[in-house]
Amino acid sequence: MNLIFLGPPGAGKGTIAAKAKDVFNIPHISTGDLFRANIKNETELGKQVKEILAAGNLVPDEITIKMVENRLAEDDAKNGYILDGFPRTIAQADALAKMSNVDYVVNFCIDRDVILKRLSGRRVCKSTGRTYHILYNPPKVEGIDDETGEPLIQRDDDKEEAILNRLEVYEKSTAPLIDYYREKDLLVDIDVSGAPDEIMENLKKILK
Ligand code: AMP
């Protein structure tokens, strides 16, 4: 099954994808995670995109499309995938249509004030990428990763100014994909205001 998770930053796409990949037995491909891994490993690509991510802007389409094309060519993506954070522009969606067919586009529906609360409370462990929330999913010890014991950090792009920019970028460049995929009859809406387990149960029903 080839799935796209579409929705604003902070809608919980990554959290649900981490569960759905085991339920549907397909890889979770997050373009944001791929870019962050490149930044961490100080690759050429990482150096090119570091500032763009910190500001919450979009990486140019050619760079992003090439990275996804390479990732989808890997063996584990042959029997399906969950694309989280891609496509984010109409040009990316057109490019994806040439690479692969898509079975469903899951549209994560949520209010803007809930997003702001979720993003500003998000904390991550830099080495493992594990995410927490200071209110909804706190670590056992404040500010410390449960497993590695490392201090948790706030992503640069989860700081207020970058969050507001990311939401604006979403509205302008990515939200038009809702109509794009609805017209192709691929869109399924899901309310993601509840708890992750509840959302996952709904998703299973919707995709049956
Ligand atoms: P995310 O983890 O999905 O919120 O992505 C973090 C950041 O990575 C975004 O704010 C963009 O700077 C960049 N990014 C991720 N996916 C894309 C994409 N499909 N197109 C352009 N930039 C992207």
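From Thr31, Thr15, Thr43, which residue is without any contact (Cβ under 8 Å) to a residue 12 or more places away in the chain and among the hydroxyl-bearing types (Ser, Thr, Tyr)? Answer to the check: Thr43. For region 40-60, the set of residues classified as farther than 14 Å from Glu161 by Cα and of a type outside the set (Asp, Glu) consists of Lys40, Asn41, Thr43, Leu45, Gly46, Lys47, Gln48, Val49, Lys50, Leu58, Val59, Pro60, listed by residue number. Among residues that are modelled with pLDDT under 95 and more than 16 Å from the chain's Cα centre (by Cα), Lys47 is not included. Only one of (1) assigned to a loop (DSSP other than H, G, I, E, B); (2) over 19 Å from Phe5 (Cα atoms) fails for Asn165. Which number is that? Single failed check for Asn165: (1). On the stretch given as region 18-39, residues that are closer than 21 Å to Ile163 by Cβ and among the β-branched types (Val, Ile, Thr) total 2. I need the full set of residues from region 2-44 which are within 13 Å of the ligand (Cβ to nearest atom), polar (S, T, N, Q) and modelled with pLDDT of 95 or more, in order please. Correct list: Ser30, Thr31, Asn38.
The values are calculated or read from the model by the stated rules, or taken from the named source; none is laboratory data. Please read these numbers as outputs of a predicted model, since none were measured by experiment. Methodologically, a virtual Cβ is constructed for each residue, glycine included, from the backbone with ideal geometry; neighbour enumeration extends over all protein chains shown.
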